[in-house]
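Everything below concerns the one structure shown next.
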Amino acid sequence: DYSLTPQVVNSLPQIAKVGFDEDDCVRQSIDHKTAIANFSESSIATVEKSIHGFIKLVVNAKKQVIGGVIVG
């Protein structure tokens with residue numbers, strides 16, 4: 001089972017994903033919610049002086065994190 005294998009794209013900005021996204025949840029009828037924050041609010045953005053991007057978490061009905069994406 002490779003469903004939790006992280007995926008990384010070394011582009012500019014960099015992209016990382018793990019677990020489920022919204023489309024996966026809809027296809028599998030998983031009750032979910034998402035939360036999005038600006039990348040500039042993260043500590044790594046401060047260190048790298050980067051303001052562009054976002055961080056998104058996907059949680060299930062039990063409030064467990066089941067996926068995430070970082071672009072920044």
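The values are calculated or read from the model by the stated rules, or taken from the named source; none is laboratory data. Treat the numbers as computed from the prediction; the structure is a model and nothing was measured. Virtual Cβ from ideal backbone geometry, glycine too; neighbours counted across all protein chains shown. Each accessible area value is taken on the protein alone, full model and side chains, heavy atoms only, with ligands, DNA and RNA left out. Shrake-Rupley method; radii C 1.70, N 1.55, O 1.52, S 1.80 Å.
Could you tell me the center-to-center distance, by alpha carbons, between the range 1-44 and the range 48-72 in angstrom? If we compute the Cα centre of each part, the gap is 6 Å.
To the nearest 10, the accessible area of I44 is 80 Å² with a 1.4 Å probe. Grab the other residues whose beta carbon is less than 15 angstrom from that of A16, score K and R as +1, D and E as -1, and report the net. Computed value for this residue: 0. For the range 45-54, the Karplus equation 6.51 cos²θ - 1.76 cosθ + 1.60, evaluated at θ = phi - 60°, returns couplings of 5, 5, 5, 8, 6, 10, 10, 9, x, 8 Hz by residue, with Gly and Pro reported as x. Taking amide hydrogens as placed 1.01 Å from N in the peptide plane, the amide H of I66 sits under 5 Å from those of V58, V59, N60, each at least 5 positions away in sequence or on another chain.
Across the range 23-36, coupling constants 3J(HN,Hα) worked out from phi with the 6.51/-1.76/1.60 Karplus curve, θ = phi - 60°, read 4, 4, 5, 5, 4, 9, 6, 9, 5, 8, 9, 10, 10, 10 Hz, and Gly and Pro carry x. Taking all protein chains as shown and a probe of 1.4 angstrom, D24 keeps an accessible surface of around 30 Å². Computed from backbone phi, the HN-Hα couplings of the range 4-21 come to 9, 6, x, 10, 10, 10, 7, 10, 10, x, 6, 10, 9, 9, 8, x, 8, 10 Hz, rounded to whole numbers (Karplus: 6.51 cos²θ - 1.76 cosθ + 1.60, θ = phi - 60°; Gly and Pro given as x).
Between I51 and D31, what's the calculated FRET efficiency when r is the beta-carbon distance and R0 is 30 Å? Round to 0.05. Intermediate results must be reported in sequence, preceding the final value.
Values: r = 33 Å, r/R0 = 1.11.
Given R0 = 30 Å and the Cβ-Cβ separation, E is 0.35.
Its convex hull of Cα atoms gives the chain a direction-averaged projected area, equal to a quarter of the hull surface, of 5.3 nm². Pairs of lysine residues in the chain that meet both criteria, 8 or more places apart or on different chains and Cα atoms under 20 Å apart, total 6. The residues K17, K49, sorted by heavy-atom accessible surface at 1.4 Å with ligands and nucleic acids left out, run K49, K17 from largest to smallest.
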